[in-house]
Amino acid sequence: MSNRTVERYEFADGAELAPAFADWTADLLRKAIAARGAALLVVSGGETPLRYFLALSKRQLDWSRVTVTLADERRVPDDHPRSNARLVRNSLLQREAAAAHFAPLADSRLTPEQELASARTRLASLPLPADLVVLGMGEDGHTASWFPGAEGLTDAMDPGARALVAPISPPRAPEPRLTLTGRVILRARRLALQIEGQKKLATLARALEYGPVEEMPIRAPLRQAAERLTLFESAMS
């Protein structure tokens with residue numbers, strides 16, 4: 001583990017965490033807009049960020065200057081229940097945040113090769129480096145779609161990767177995915193990690209110990225971006 005200390009904020013539960021995390025994010029985005037005229041926010045899917053998305057969508061800032069994209073996406077149609085784009089559109093890109101620009105990763109109407117090329121072109125047009133990458137973590141220690149045992153994992157996590165987006169097929173997932181590479185995630189100006197529940201806190205404790213990054217890919221941002229990473233955690237979801 002790096003000897004650099006990760007900034008951590010602890011909350012009683014997810015309901016208390018969400019508005020505080022939203023306030024922190026909104027303040028960061030306002031500062032990015034003031035400094036550079038625009039902001040790039042990268043978010044993750046799953047169940048954990050829903051309350052955070054709903055809270056953030058109500059925060060007042062110049063959302064017309066914010067572009068939102070995803071850390072990873074399943075290769076499913078936009079209206080599929082497992083689509084991260086669907087989650088973001090229905091929860092984050094509402095209310096005040098409806099004015100934000102959205103750059104999805106996947107387009108299941110295309111062939112895998114066309115979809116990957118389209119995603120890479122779209123990401124290359126965004127104002128990188130990202131001002132904030134919001135990550136989650138699975139109980140197996142994965143983040144984004146960096147799954148232990150996935151083919152191509154080492155290349156996907158590489159901060160020196162040539163590509164911005166990589167295809168990846170998690171060993172036990174029902175569909176293939178697209179994921180941002182370490183070139184985007186690990187080079188972001190700021191990163192945040194949202195952890196809720198005792199099981200995930202236990203996983204985080206293991207990830208903070210010494211061990212191979214490939215065994216628990218969340219170790220990549222914990223080690224390589226510690227000085228830019230803020231952890232929002234609660235023992236209860």
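For the reader, a short list of remarks on this structure follows.
- Scanning segment 153-181 for residues that are in contact with a strand residue (DSSP E or B) (Cβ under 9 Å, 6 or more places away or on another chain), surrounded by fewer than 22 Cβ atoms within 10 Å (Cβ to Cβ), part of a loop (DSSP other than H, G, I, E, B) and of a type outside the set (A, V, I, L, M, F, W, C) yields 169, 174, 175, 176.
- Restricting attention to segment 3-18 and to residues that are farther than 14 Å from residue 229 by Cα and more than 18 Å from the chain's Cα centre (by Cα), the residue that is surrounded by the fewest Cβ atoms within 10 Å (Cβ to Cβ) turns out to be 12.
- Only listed residue being part of a helix (DSSP H, G or I), out of contact with any Leu (no Cβ under 6 Å at 6 or more places or on another chain) and either touching a residue at least 40 places away in the same chain (Cβ under 8 Å) or not small (Gly, Ala, Ser) (or both), chosen from 202, 220, 192: 220
- Taking segment 62-85 as the range and being free of Cβ contacts under 8 Å to residues at least 60 places away in the same chain, part of a loop (DSSP other than H, G, I, E, B) and buried (at least 22 other Cβ atoms within 10 Å of the Cβ) as the test, only 83 passes.
- Failed criterion for residue 150 (all others in (1) part of a loop (DSSP other than H, G, I, E, B); (2) over 30 Å from residue 14 (Cβ atoms) hold): (2)
- Taking segment 19-43 as the range and being crowded, with 23+ Cβ neighbours inside 10 Å and within 20 Å of residue 236 (Cβ to Cβ) as the test, only 21 passes.
FYI, it's all coordinate maths here, none of it is from the lab. Quantities reported herein were computed from a predicted structural model and do not represent experimental measurements. All Cβ positions, glycine included, derive from the backbone under ideal geometry; neighbour counts span all protein chains shown.
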